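Working notes, structure below.
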Amino acid sequence: MQFDVVIGGGGPVGLCLAQALAAQGRRVAVVERQPRQVLAEPAFDGREIALTHASRRLLEQLGIWSRLDAATLSPLRQARVQDGASPFALNIAADKRDGEPLGWLVANHRIRRAAFEAVAAQSGITLLDGSSIASLQRGRDHVEATLDDGRRLQAKLLIAADGRLSALRRQLGVGAELHDLGRSMLVCHVAHAKPHHGIALEWFAYGATVALLPLVGNTSSLVLTLSPQRAEALRALDDVAFAAEVTRLCEGRLGAMRPASSRHLYPLLSTYARRLAGPRFALAGDAAIGMHPVNAHGFNFGLAGVERLVEALAGQADPGAEGPLRAFAGAHRRATWPLYAATQLVARLYTNERPAARLLRGGALRLAAAVPPFRQALRMHLQH
Ligand SMILES: Cc1cc2nc3c(=O)[nH]c(=O)nc-3n(C[C@H](O)[C@H](O)[C@H](O)COP(=O)(O)OP(=O)(O)OC[C@H]3O[C@@H](n4cnc5c(N)ncnc54)[C@H](O)[C@@H]3O)c2cc1C
């Protein structure tokens, strides 16, 4: 089978990329190990994705945003970060002049479903579901992928979009920085007595980081970062005991709480690939940069990568030509590395319980709040 581009991985980034490349008139194959029915009706996975204005614009262009049910989108009006019990808070508020929120919270499974629907309605995309790429051969002017069932695909360009523990990245011989922070994230919806007013709260309690992301009505997405043992124990509690424990952990900030969804655990892992492109290949989404979820930018970075790659390939007869791929890799690294590195530092500081680290982080929040350009930069990053 002949294509212009083969994408390994039909996650949210792989599907958005397929859609954007097909809109350029490319013939695209997506190889995804899950069956088509799972992609068409993805199950709730606990993740609420905070989307920036730039991500919304791209999803609109790709015909994905309009497929999301407007009643399920939650505007994010303000973010408030606190250290422990200190009453001091770093506030990042939306610019009131234009009335626009900082961003929107959208459930990951809804994004996946909308992206699948858009891809299914687009000509030029072949979805090879229930399959993986078993081996690769790269020649001067093409790449050949052999699937686990023996089918062979030939293309000008191969894109790895198979997640942060990407098998394709390894097959391509690309190393990656991998940080395992030895923590787990427990995510679920909670209903609470008091309203959240569209404000996201995050604070650093003893041995745990707690975030509450505002959803529709009096519900929030609870994101707890804990030791794996504590996270597993919390997940296993019955609803009554869980409600009591999360009300205590959230210090009554939003009143009494009760669980409002299934609970999901994720390991706290972040990765950054040593190369973002090379001869006849490129990396996309978490396979390229697996951001620390604390900064809520993994998918936003994935979409920014889609935009940069598609822009670099626009008008190129050969989508696997070296020059444009090199330009994409340089631009994407320059745009993402500083925030990735800063997030790693912050994540280490806020998971370290030693007294010096505690002192430093209280100071860091005050410093960030006292430097208006810093707050402005954060707001700009979200809104533009
Ligand atoms: C708790 C949590 C909260 C988050 N919150 C935010 C947020 O607020 N904002 C934000 O921007 N990001 C957030 N993220 C990050 C975001 O979810 C990821 O960046 C995004 O899902 C990456 O998409 P992807 O398509 O690159 O990878 P994935 O979603 O991992 O998809 C990879 C796909 O590849 C397939 N696959 C894997 N291996 C193979 C193989 N060998 N062969 C074929 N197919 C394969 C998988 O089945 C899957 O469909 C969060 C993440 C977590 C865990």
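The values are calculated or read from the model by the stated rules, or taken from the named source; none is laboratory data. Nothing here was measured: the structure is a model prediction, and the numbers come from that model. Quick reminder, even Gly has a Cβ in these numbers, built from the backbone with ideal geometry, and neighbours come from all protein chains shown. Keep in mind that these areas ignore ligands, DNA and RNA; they rest on the heavy atoms of the full protein, side chains included. Shrake-Rupley method; radii C 1.70, N 1.55, O 1.52, S 1.80 Å.
Considering segment 123-139, and only residues there that are closer than 15 Å to Gln34 by Cα and touching a Lys or Arg at 6+ places or on another chain (Cβ under 6 Å), the residue that is farthest from the ligand (Cβ to nearest atom) turns out to be Asp129.
For Arg57, the criteria (1) open to solvent by 20 Å² or more (accessible area, probe 1.4 Å); (2) within 14 Å of the ligand (Cβ to nearest atom); (3) more than 30 Å from Val210 (Cβ to Cβ) hold in every case but one, which is (2).
Among the residues of segment 140-152 satisfying the criterion of being under 23 Å from Gln37 (Cα atoms), in contact with a Ser or Thr (Cβ under 9 Å, 6 or more places away or on another chain) and not basic (Lys, Arg), which is surrounded by the fewest Cβ atoms within 10 Å (Cβ to Cβ)?
Asp149
Among the residues of segment 306-321, at least one is in contact with a Lys or Arg (Cβ under 7 Å, 6 or more places away or on another chain), open to solvent by less than 20 Å² (accessible area, probe 1.4 Å) and not small (Gly, Ala, Ser). The residues of segment 158-173 that are more than 10 Å from the ligand (Cβ to nearest atom), open to solvent by 10 Å² or more (accessible area, probe 1.4 Å) and either part of a strand (DSSP E or B) or aliphatic (A, V, I, L, M) (or both) amount to a single one, Leu172.
All conditions in (1) part of a loop (DSSP other than H, G, I, E, B); (2) of a type outside the set (Gly, Ala, Ser); (3) touching a strand residue (DSSP E or B) at 6+ places or on another chain (Cβ under 9 Å) hold for Phe301, with the sole exception of (1).
If only residues of segment 174-194 that are in contact with a Leu (Cβ under 6 Å, 6 or more places away or on another chain), open to solvent by 40 Å² or more (accessible area, probe 1.4 Å) and more than 13 Å from the ligand (Cβ to nearest atom) are counted, the one that is farthest from Leu21 (Cα to Cα) is Lys194.
For segment 130-154, the set of residues classified as under 24 Å from Asp318 (Cβ atoms) and among the polar types (S, T, N, Q) consists of Ser135, Gln137, Thr146, Gln154, listed by residue number. Evaluate segment 77-86: report whether one residue or more is open to solvent by 50 Å² or more (accessible area, probe 1.4 Å) and in contact with a helix residue (DSSP H, G or I) (Cβ under 8 Å, 6 or more places away or on another chain). Checking segment 77-86: not a single residue is open to solvent by 50 Å² or more (accessible area, probe 1.4 Å) and in contact with a helix residue (DSSP H, G or I) (Cβ under 8 Å, 6 or more places away or on another chain). Does Pro293 satisfy the condition of being over 23 Å from Gly173 (Cα atoms), near the ligand (Cβ under 9 Å from one of its atoms) and surrounded by fewer than 24 Cβ atoms within 10 Å (Cβ to Cβ)? So Pro293 fits the description; yes. Looking only at segment 304-315, which residues are in a helix (DSSP H, G or I) and touching a residue at least 40 places away in the same chain (Cβ under 8 Å)? If the condition is that a residue be in a helix (DSSP H, G or I) and touching a residue at least 40 places away in the same chain (Cβ under 8 Å), then Ala304, Gly305, Val306, Glu307, Leu309, Val310, Leu313 are the ones that fit. Of all residues in segment 40-48, none satisfies being among the hydrophobic types (A, V, I, L, M, F, W, C), within 12 Å of the ligand (Cβ to nearest atom) and at pLDDT 95 or above. Scanning segment 217-244 for residues that are in contact (Cβ under 8 Å) with a residue 60 or more places away in the chain and more than 16 Å from the ligand (Cβ to nearest atom) yields no hits at all.
Please verify whether Gly8 is buried (at least 21 other Cβ atoms within 10 Å of the Cβ), farther than 20 Å from Ala114 by Cβ and not hydrophobic (A, V, I, L, M, F, W, C), treating the condition exactly as stated.
Judged against the criteria, Gly8 is a match.
Here is a check on your reading of the model: is Ala208 within 12 Å of the ligand (Cβ to nearest atom), surrounded by fewer than 20 Cβ atoms within 10 Å (Cβ to Cβ) and not aromatic (Phe, Trp, Tyr)? Taking the combined requirement at face value, the residue does not satisfy it. Taking segment 142-197 as the range and being of a type in the set (D, E, K, R), in contact (Cβ under 8 Å) with a residue 24 or more places away in the chain and within 21 Å of Thr126 (Cα to Cα) as the test, the residues that pass are Arg151, Arg152, Lys156, Asp162. Is it the case that His197 is surrounded by fewer than 21 Cβ atoms within 10 Å (Cβ to Cβ) and away from the ligand (no atom under 14 Å from the Cβ)? Spelling it out, His197 is indeed surrounded by fewer than 21 Cβ atoms within 10 Å (Cβ to Cβ) and away from the ligand (no atom under 14 Å from the Cβ).
Looking across segment 211-267 at every residue that is more than 24 Å from the chain's Cα centre (by Cα) and β-branched (Val, Ile, Thr), the one that is most open to solvent (accessible area, probe 1.4 Å) is identified as Val240.
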